[in-house]
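None of the figures in this text is laboratory data; all of them are computed from the coordinates on show. Small disclaimer: the values here were computed from a predicted structure and weren't measured. Glycine also receives a Cβ, built like all others from the backbone with ideal geometry; neighbour counts cover every protein chain displayed.
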Amino acid sequence: MILVFVAGLCYSCVTDNDDNGYVATPFTLEVPQVFAERILPPVIPEDNPLTVEGIALGKKLFFDPSLSADGTQACADCHRPENAFSDARQFSIGIDGSVGTRNSMPLFNMAWNYNEEFFWDGRAQSLEEQIFEPVTNPIEMKNTWPNVENTLRASDTYPALFEQAFGTTTIDSVRVSRAIAQFLRTLVSANSKFDRFLLGQEELTPSEENGLAVFLDESRGDCFHCHGLPANPLWTDNIFHNNGLDETFSDRGRGGFTGDPREFGWFKSGSLRNLAYTAPYMHDGRFTTLDEVIDHYSEGLVFSETIDPLMKKVAEGGVQLSDQDKADLKAFLLSLSDPSFINNPNFQQ
Amino acid sequence: MKKIVLLIALTLAVTACKKDDNGGNVINEVTVDLIFSHDWDGSAITNADFDQIQYTNAHGEELSISKLVYLISDVTFTNTAGDKFDAGDFNLINVRNNSNLTFTPGIEIPEGDYTVTFTFGFDDEDNIDQAYPELNSADGGWNVPAPLGGGYHYMRLEGKYIDSNSDEVGYQYHTIRANDMSTNPVTLQDTSFEVNLGQVTIGSNTTIEVKMNVAEWFKNPNLWDLNVLFSTLMPNFDAQIMMSENGMTVFSRGAVTQQ
C-alpha cells in the first residue's frame with residue numbers, strides 16, 4: 001500500500017515535466033558523500049526535474065551570447081568557470097558598457113540553498129525566477145524576452161534541443177529559464193582538501209588545524225555562526241546579515257528589497273568555498289585579498305544600527321586576531337577551495 | 001517540500017493501516033498541537049518587536065532582541081496510569097521568522113488526561129554530534145563546534161544592550177551543554193531541562209499553548225548582568241549552568257483549547 005503510494009508520487013513528479021506527457025531522460029544529481037552524510041538533500045522543484053537533455057540545453061544557453069541584445073554577452077562572461085562562476089572584475093560590465101554596483105556571485109551548490117533566496121539581497125525566490133533578471137537587466141544583457149525567443153526560434157539547433165528537453169519545439173522564456181536552472185543545479189563543489197579531510201582521506205597541516213580552531217572559537221574568529229562548520233559543509237547559512245562594513249549604506253541590500261529599515265545593509269553571507277578563485281570579495285567587491293577580509297573582521301568593523309550582534313568588540317574594530325591566527329585562518333579558508341570544480345570538463349563550454 | 005508531502009502521505013497511509021488492524025475499534029487516537037508564544041513579562045513578542053531597544057532586564061540593562069531561535073524535544077504525554085507516549089522528535093522554533101510556532105509531535109495517543117512535558121534543548125541521550133541532517137542544515141548549522149564537545153545549540157538569543165558607556169553592544173545568549181575545555185577530554189554537563197506543563201485533557205482536537213517569558217532568562221535565580229555576561233558564553237561552563245537554572249522558570253502553559 002505504502003509502496004504504491006510512493007510509486008504514485010514519483011510517477012507524477014516525472015510526468016510533470018511539461019504538459020504534453022513527453023519524458024526526457026531523467027538525471028539523478030549525485031549527492032557528494034560529505035553532503036549526504038550531514039545535510040538535507042538538494043532542492044529540485046517538482047515542475048522542473050533534472051534531465052540529461054534539459055541540462056545539456058541549459059549549459060548551451062548559459063555559454064551562449066545570443067541571449068543578450070547584441071549577441072555579445074553570455075551568462076558565463078560574468079560567471080566564469082575559472083572563477084568558480086564569479087567575475088574577477090569588481091563590477092561586471094553590461095553589453096553597453098554600463099558598470100553595475102555589485103560584484104558578481106559565484107555559482108555552486110545552489111540546489112542546497114534550502115531557503116531558495118538568490119542574489120545578494122535574496123530578491124529572487126527560485127533559480128528559475130532569478131534567470132529572468134540578467135537577460136532583461138538594462139545594465140547587463142539588456143534584451144527582451146520576445147527577442148530572445150525569436151533569436152532561439154530562428155536558430156538551426158535550438159528548436160531540436162528544446163524538443164529533446166521538453167518534448168516541444170515551442171521556445172519560450174519559461175523553458176529557457178528551466179533549462180538554465182537545471183544546468184546550474186548540477187554545479188556541485190565538494191572536493192576540496194577539507195572535504196577529503198572530512199572523509200578521512202587527507203590530513204590538515206598544523207596551520208590549517210589552528211585556522212579551523214580560530215574559525216570555531218567564539219573568542220577569536222567566531223565565523224561559524226554565519227558561515228557553517230564541518231557539520232554543514234556548505235560553508236554558508238544563506239542568510240542575510242550586516243557584517244560591519246559601513247556606517248551608512250549606498251546599497252541597502254536586503255532592506256532595499258524588503259523595505260524594512262531593520263534590514264538595511266544586510267547581504268547574503270557568501271560561501272567560503274572556492275575563495276581562492278572568487279576575489280574580489282563582498283557584495284561590492286571592495287576587498288581584493290583574503291588578508292583584507294580577515295583584517296576587516298579583526299580590526300575594521302564599523303558600527304551601524306543594523307550590525308549583527310555576532311560582530312564583537314565593534315568599538316575597537318573587532319577581536320584583534322594575532323598575526324599567527326590570521327595566517328592560520330587564511331590557510332584554513334584556502335583548504336575549502338576545490339580545484340576539481342573549476343576544472344570539471346562538464347562545466348566548461 | 002516534496003519530502004514533507006511524502007511524509008504526510010506516508011503518515012496517512014500508516015494511519016489508515018493502523019485503523020484497519022483495529023477492525024474499526026472506537027478508541028480514538030489523536031495528535032496534539034503545541035503552539036509556542038513569546039512575551040517579555042506579559043507583553044507579546046512578534047516580528048515587529050525585534051531590533052527595538054525596548055526591554056529592560058531585571059538587572060537594569062536596556063536591550064533589544066534580534067534573534068530568538070530554540071530547540072525543544074521529546075514532548076511526552078504521561079497518562080494517569082503512568083504510561084508514557086513520546087514520538088522522540090524535536091522542533092526548532094524561529095520566533096522572528098514565525099517558523100515552527102505550531103508543532104504536532106509525530107505520535108497519536110488515545111484521548112484522555114495526560115501530564116505533558118518536553119525537554120528544552122536536547123538531553124544527552126539525543127544530543128548526538130551531527131546526527132540530525134535537518135538541524136545540521138538549519139541556520140548555517142545548529143551544531144556546537146567539536147572543541148566545545150559537539151552536539152547542538154539549545155537556543156540562540158541575540159540582540160543589543162546599552163552598556164555602561166551608553167554604547168549599543170551586541171550580546172549572544174547562546175545556551176548549549178555546559179563544557180569545560182580546560183580538562184582533557186572536555187568535561188560536559190547536560191544543561192537541558194524538562195518543562196512540565198501540568199495535566200491536560202486531550203480530546204480530538206486539542207491545542208496547548210506553550211509560553212516563553214524571555215525576561216525570565218535574565219532574572220531568576222541568577223540576576224543577569226549583561227555588562228559582564230554578554231558574549232563568549234558558549235565555552236563558559238558556569239554561565240551555561242546559570243542559564244539553565246534561569247531557564248526553568250521561563251516556560252509556562254497558556255491556553256488549552258479543544259476546538
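Please average, across the residues of B:170-176, the number of beta carbons from any other chain that are within 10 Å of each residue's own beta carbon, and give a whole number.
For this peptide, the per-residue mean of nearby foreign Cβ atoms is 3.
Let me know the charge dipole size of the stretch A:296-349 about its Cα centre in debye, to the nearest 20, where only the beta-carbon of Lys, Arg (+1) and Asp, Glu (-1) is charged.
Charge dipole of the stretch A:296-349: 80 debye, to the nearest 20.
For the stretch A:210-222, take each phi angle, set θ = phi - 60°, evaluate the Karplus expression 6.51 cos²θ - 1.76 cosθ + 1.60, and give the result in whole Hz per residue in order, putting x for glycine and proline.
5, x, 4, 4, 4, 4, 8, 8, 4, 8, 10, x, 6
Using R₀ = 56 Å, calculate the FRET efficiency as 1/(1 + (r/R₀)^6) where r is the Cβ-Cβ separation of A:GLU133 and B:VAL200; round to 0.05.
0.65
For a test of the definition: using alpha carbon positions, the gyration tensor, and the 1.5 limit on a/c, classify the stretch B:160-259 as rounded, prolate or oblate.
oblate
Assign unit charges at the C-beta atoms only (+1 for Lys and Arg, -1 for Asp and Glu), then state the dipole size of the protein assembly as shown relative to its Cα centre in Debye, rounded to the nearest 20.
1120
Between B:VAL30 and residues 5 or more places away or on another chain, which pairs have amide H atoms under 5 Å apart, with H built 1.01 Å from N, and which residues are they?
B:ILE109, B:GLU111
Each label point is 7 Å from the Cα along the Cα-to-Cβ direction; what then is the distance between the points at A:VAL31 and A:SER155, in nm?
Going from the A:VAL31 label point to the A:SER155 one covers 3.3 nm.
Can you give me the P(r) profile for the protein assembly as shown? Cα pairs, bins 10 angstrom wide beginning at 0, each as a whole percent.
Pairs per bin, as whole percents: 3, 15, 24, 25, 19, 11, 3, 0.
Hey, what angle do you get for helix A:127-136 against the long axis of chain A, alpha-carbon based, 0 to 90 degrees rounded to 10?
Between the helix axis and the principal axis of chain A, the angle is about 90 degrees.
Find how much the distance from B:ASN98 to B:ILE241 grows on full extension, using 0.36 nm per residue of separation minus their present alpha carbon separation; answer in nm with one decimal.
48.6 nm
Mind checking which of B:THR78, B:TYR132, B:THR102 is farthest towards the positive end of the stretch B:76-144's charge dipole, using Cβ charges of +1 (Lys, Arg) and -1 (Asp, Glu) about the Cα centre?
About the Cα centre, the residue reaching furthest to the positive side is B:THR102.
Please average, across the residues of A:31-42, the number of beta carbons from any other chain that are within 10 Å of each residue's own beta carbon, and give a whole number.
Average neighbour count from other chains, rounded to a whole number: 3.
Could you sort out which of A:LYS330/B:LYS67; A:LYS60/A:LYS268; A:LYS313/B:LYS67; A:LYS142/A:LYS330 sit more than 27 Å apart by Cα distance in this structure?
A:LYS330/B:LYS67; A:LYS60/A:LYS268; A:LYS142/A:LYS330
Quick check: pseudo-label points 7 Å beyond the Cα along Cα→Cβ at A:THR101 and B:ASP167, how many nm apart are they?
With each label placed 7 Å out from Cα toward Cβ, I get 3.0 nm.
Which distance in Å, rounded to a whole number, links the C-alpha centroids of the stretch A:26-100 and the stretch B:31-46?
Answer, in whole Å: 43.
For a label point 7 Å from the Cα of A:ASN191 along Cα→C-beta, name the residues of the stretch A:236-277 whose backbone N is under 18 Å from it.
Within reach of a label on A:ASN191: A:273-277.
With every atom except the alpha carbons ignored, what do you get for Rg and Dmax of the stretch A:235-309, in angstroms?
12.3, 34
Any idea what the relative contact order of the stretch B:121-184 is, in percent, if you count C-alpha pairs under 8 Å spaced at least 6 apart?
Reported as a whole number, the value is 27 percent.
Looking at A:THR169, A:PRO65, A:GLN349, which one has the Cα that reaches farthest to the positive end of the dipole of the protein assembly as shown (charges on Cβ: Lys, Arg +1; Asp, Glu -1)?
So the residue furthest toward the plus end is A:THR169.
How much of the DSSP beta bridge set in the protein assembly as shown is antiparallel, as a percent to the nearest 5?
Just about 90 percent of them are antiparallel.
Could you state the angle between the C-alpha long axis of helix A:323-334 and the longest principal axis of the C-alpha atoms of chain A, as a value from 0 to 90 degrees rounded to the nearest 10?
10
Specify the inter-centroid distance of the stretch B:195-211 and the stretch B:78-108, based on alpha-carbon positions, in whole Å.
Cα centres, the stretch B:195-211 to the stretch B:78-108: 11 Å.
Assuming a viscosity of 1.002 mPa s and a temperature of 20 °C, what translational diffusion coefficient in µm² per second does Stokes-Einstein assign to chain A, Rh being the Kirkwood radius over Cα pairs?
Approximately 100 µm²/s, per Stokes-Einstein.
Would you work out if the stretch A:129-190 is rounded, prolate or oblate? Take a ≥ b ≥ c from the square roots of the eigenvalues of the alpha-carbon gyration tensor; rounded if a/c is under 1.5, else prolate when a/b is larger than b/c, oblate otherwise.
In terms of gyration-tensor shape, oblate.
Remind me, relative contact order of chain B in percent, using alpha carbon pairs under 8 angstrom and six or more residues apart?
This gives 22 percent for chain B.
Please compute the modelled spin-label separation between A:THR288 and A:GLU203, points set 7 Å along Cα→Cβ, answer in nm with one decimal.
Those two pseudo-labels are separated by 3.8 nm.
How would the stretch A:3-188 be classified by its alpha-carbon gyration tensor: rounded, prolate or oblate, with rounded meaning a/c under 1.5 and the a/b versus b/c comparison settling the rest?
Here the stretch A:3-188 falls in the oblate category.
Going 7 Å from the Cα of B:ASP129 along its beta-carbon direction, which residues of the stretch A:207-231 have the amide nitrogen within less than 18 Å of the resulting point?
A:209-218, A:224-225, A:228-231
Determine, from the Cβ-Cβ distance of B:THR207 and B:GLU62 and an R0 of 45 Å, the FRET efficiency 1/(1 + (r/R0)^6), rounded to the nearest 0.05.
Computed FRET efficiency for B:THR207 and B:GLU62 comes out at 0.80.
Going by average Cβ density within 10 Å per residue, which order do the peptides A:102-108, A:230-236, B:90-96, A:41-47 take, highest to lowest?
With the highest mean Cβ count within 10 Å placed first, the list reads A:230-236, A:102-108, B:90-96, A:41-47.
Going by average Cβ density within 10 Å per residue, which order do the peptides A:180-186, A:72-78 take, highest to lowest?
Highest mean packing first, the order is A:180-186, A:72-78.
Which value, in debye to the nearest 20, gives the size of the charge dipole of the stretch B:4-258 about its Cα centre, when Lys and Arg are +1 and Asp and Glu are -1 at the Cβ?
With Lys and Arg at +1 and Asp and Glu at -1, about 320 debye.
Counting pairs of alpha carbon atoms under 8 Å apart in space and at least six apart in sequence, what relative contact order in percent does chain A give?
Once divided by the residue count of chain A, the mean separation gives 19 percent.
Considering only DSSP beta bridges where both residues belong to the stretch B:157-259, give the percentage that are antiparallel (nearest 5).
100
Antiparallel DSSP bridges in the stretch B:4-258: what percent, to the nearest 5?
That works out to approximately 90 percent antiparallel.
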